[in-house]
Structure formats: structure tokens, C-alpha cells
């Protein structure tokens with residue numbers, strides 16, 4: 001009886017707790033950011049590895065370089081344009097001109113990535129180590145969040161499919177439950193010919209996984225009284241590979257944006 005009450009209490013807590021702003025929890029974001037270091041070419045890899053613990057999100061003491069409370073870190077594009085978003089405006093100004101006030105309600109994630117990339121280029125040009133690491137961390141977290149499909153839909157928390165709490169269960173609690181099994185590979189960083197346009201390709205490639213996540217999560221919950229260890233084992237069986245794939249892609253994208261920013265700044269010597 002006591003165990004049943006505890007399970008029910010936990011379920012109520014999950015359903016009533018506000019969703020975290022970040023698409024991924026600390027475990028997932030740190031894993032992707034750490035893997036991003038391995039994607040970099042020689043001199044850049046040496047710099048980031050030497051200062052790994054100075055990246056705010058990987059430091060045991062420092063605060064994150066970005067404010068996670070900002071709802072604009074998402075981009076619920078399906079509220080305005082249907083997949084595959086062929087006629088999606090490519091600038092924030094054009095989006096607002098077309099959709100008016102509705103454009104302000106879906107988030108600013110792609111524009112934040114573009115702005116963060118520009119700041120990182122300037123940071124590399126300045127040669128200021130702390131500035132480079134802070135901007136690298138901030139941009140990296142934005143990119144990682146955009147690789148979570150739920151950050152791109154109006155059904156991000158399962159509110160339209162009676163799966164309230166989906167956002168935290170998939171992005172935060174599942175990676176935490178996977179622990180040592182949260183291992184994934186990432187392709188080598190590459191130069192991005194058009195960093196501004198690339199962010200839209202990232203979103204398109206991530207969005208296609210939304211229906212799978214929603215369906216698999218519903219299957220994982222079926223017949224279970226709450227969100228217990230058994231539930232997360234079932235969820236990992238169905239969604240674990242999707243999580244690994246998304247984080248692997250995120251790590252490669254982070255490395256590519258860092259490498260492209262460094263190249264755009266003239267490949268300055270880093271110490």
C-alpha cells in the first residue's frame with residue numbers, strides 16, 4: 001500500500017510540475033557537448049580539450065552561459081507552417097511580417113543560433129579565451145536543444161495527445177535513466193557553407209521524429225500505473241536509439257558550428 005501511494009504521489013508530481021525550458025536535461029546536454037570536442041580538427045580540439053572544464057556547462061562550479069528560463073529557446077513551427085515547412089520565411093523579420101503576433105509565440109531558437117554564431121565569430125577574432133568558451137557553450141546548448149524534436153512542435157509536452165509531462169520524461173528523465181548506456185557516436189565536424197541556412201536543415205531532420213516519439217511513449221506507458229523504473233526501461237527500449245541518434249547529430253552540429261566560426265574568424269591561434 002505504501003509503495004502504491006509513493007508511485008501515485010510521484011505521478012502527481014510529474015503531472016503538476018512545470019516543464020523545464022531546456023529541451024534536454026543536464027545529462028544529455030553534457031554528453032552531447034563533451035562528444036562535440038571529439039569531432040573537432042587538431043588545433044581546435046586541443047584548445048577545447050585543454051579548457052574543457054572552463055566551458056560553463058561542463059564546469060562543476062560555473063553557471064550556464066545562457067538563461068534556460070527563456071521560452072524563446074524553442075521553435076514550435078508547426079503552429080504556423082505544416083511540415084516540411086517549404087515556405088517558411090528565412091528571417092525573423094519576414095516571419096513576423098507574414099504571421100504577425102503569432103510569430104512571437106513560437107520561440108526564437110533559429111534566430112538565437114544565428115545570433116550566437118555571429119557572437120562566437122567575434123569572440124574568436126578577439127582572442128579572449130573566456131569569451132570564446134562562454135559563447136561556444138551558449139551556442140552549443142542552443143544547437144543541442146534544437147536537435148530535440150519536441151522543441152519544434154506545439155505538442156512539445158504531449159498536451160494535445162494526453163501525454164502531459166512528455167517534454168521532461170523524454171528530454172531529461174530518460175537520458176538520466178539511461179546513465180552509462182547513453183553512449184553515441186558523432187561524425188567529424190565540417191565547414192558549413194551557409195550557417196544561417198543550415199539551422200533550418202537541422203530542424204527539418206529533427207522534426208520527422210516527433211510522431212515516433214509520441215507513439216513510442218504512449219506504448220511505453222500502456223498498462224503501467226505510473227512513471228516508474230519499469231516505464232523508463234520500456235521507454236528506453238523504444239526511444240533510446242532515437243535519443244542517441246539526436247544527441248550524436250547534435251554533437252556533430254556543435255563541432256561544425258564551432259569549426260566554421262573559427263574558420264570565419266581567420267583560424268586564429270588559440271592558447
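The residues listed here are 249, 217, 233; of these, the one that is assigned to a helix (DSSP H, G or I) and farther than 28 Å from residue 78 by Cβ is 233. Note on the range 25-41: among residues that are in a loop (DSSP other than H, G, I, E, B) and modelled with pLDDT of 95 or more, the one that is surrounded by the most Cβ atoms within 10 Å (Cβ to Cβ) is 39. Comparison of 150, 192 shows that the only residue that is crowded, with 23+ Cβ neighbours inside 10 Å and either in a helix (DSSP H, G or I) or touching a residue at least 12 places away in the same chain (Cβ under 8 Å) (or both) is 150.
Go through the residues of the range 158-178 one by one and say whether even a single one is within 24 Å of residue 37 (Cβ to Cβ), free of Cβ contacts under 8 Å to residues at least 24 places away in the same chain and out of contact with any strand residue (DSSP E or B) (no Cβ under 6 Å at 6 or more places or on another chain). No, the range 158-178 contains no residue that is within 24 Å of residue 37 (Cβ to Cβ), free of Cβ contacts under 8 Å to residues at least 24 places away in the same chain and out of contact with any strand residue (DSSP E or B) (no Cβ under 6 Å at 6 or more places or on another chain).
Let's see how each residue does on (1) surrounded by fewer than 20 Cβ atoms within 10 Å (Cβ to Cβ); (2) touching a helix residue (DSSP H, G or I) at 6+ places or on another chain (Cβ under 6 Å); (3) modelled with pLDDT under 95:
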site	(1), (2), (3)
14	yes, no, yes
43	yes, no, yes
52	yes, no, no
64	yes, no, yes
75	no, yes, no
95	no, yes, no
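Flag: residue 78 matches the condition of being touching a residue at least 40 places away in the same chain (Cβ under 8 Å) and not in a loop (DSSP other than H, G, I, E, B).
Would it be correct to say that residue 254 is farther than 21 Å from residue 155 by Cα, crowded, with 16+ Cβ neighbours inside 10 Å and in contact with a helix residue (DSSP H, G or I) (Cβ under 8 Å, 6 or more places away or on another chain)? Taking the combined requirement at face value, the residue satisfies it. Might you check whether a residue that is closer than 25 Å to residue 160 by Cα and within 21 Å of the chain's Cα centre (by Cα) occurs anywhere in the range 219-229? Looking for residues that are closer than 25 Å to residue 160 by Cα and within 21 Å of the chain's Cα centre (by Cα), one finds none in the range 219-229, hence no. The requirement of being out of contact with any strand residue (DSSP E or B) (no Cβ under 9 Å at 6 or more places or on another chain), modelled with pLDDT of 95 or more, surrounded by fewer than 18 Cβ atoms within 10 Å (Cβ to Cβ) and under 29 Å from residue 108 (Cα atoms) is fulfilled nowhere in the range 224-236; no residue meets it. The set of residues from the range 260-271 being assigned to a helix (DSSP H, G or I) and in contact with a helix residue (DSSP H, G or I) (Cβ under 6 Å, 6 or more places away or on another chain) comprises 260, 261, 262, 264.
The values are calculated or read from the model by the stated rules, or taken from the named source; none is laboratory data. None of the values given here were measured: they were computed from a predicted structure. Don't worry about glycine lacking a Cβ; one is built from the backbone with ideal geometry, like all the others, and counts go over all protein chains shown.
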